[in-house]
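Just below is one structure, and these are the notes that go with it.
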Amino acid sequence: MKAKLKNILGLAALGMTLLANTVPTWAGSVSTPEVNIGGNQTYSWAKGSMVGARYSADNTQYIGCFTNGQGSQSSPSIRCFARDRVGDTAFCISLDLRFVPQVQAMTDSSYISFVANRSNALCDSLRISNNSSQLK
């Protein structure tokens, strides 16, 4: 009886060890904001995370930026674009070289915020934030 009880306790301990090691543990703050668009008569703005847009309940949202024309024949430019859950959109373009490194530093978990001048669609500001809270 003593050997049987010892065997049962040993198997229970082994099962608990295997269970504890197979379940991943996630820690840290999580913030995956969806795309939000707004503005006034002069400016439009967009903000949100790419992860928040990707994993949103709808299939409408997107947000991102890219660089264009970095060959020897043309000056680099950036373009940013976004659409929220109700279909509102924002877009901007810039030839300002200070924005290029920011866009090149984007990852799939970046938080993006930009402001566009409504009269000419030029980017007035751009903020790219990369941190662990935007990971999914």
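One table, with the values for the structure above:
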quantity: Quotient of Cα Rg and 2.2 N^0.38 Å for segment 31-134, N being how many residues it contains; calculated: 1.04
quantity: Residue order, fewest to most beta carbons within 10 Å, for Asp84, Asp96; calculated: Asp96, Asp84
quantity: Relative contact order [Cα under 8 Å, 6+ residues apart], segment 31-134, whole percent; calculated: 28 percent
quantity: Residue order, fewest to most surrounding Cβ atoms within 10 angstrom, among Phe66, Phe81, Phe91, Phe99; calculated: Phe66, Phe91, Phe81, Phe99
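Every number here is computed from the coordinates shown, using simple stated rules; none is lab data. Since we're looking at a predicted model, the values are computed, not measured. Methodologically, a virtual Cβ is constructed for each residue, glycine included, from the backbone with ideal geometry; neighbour enumeration extends over all protein chains shown.
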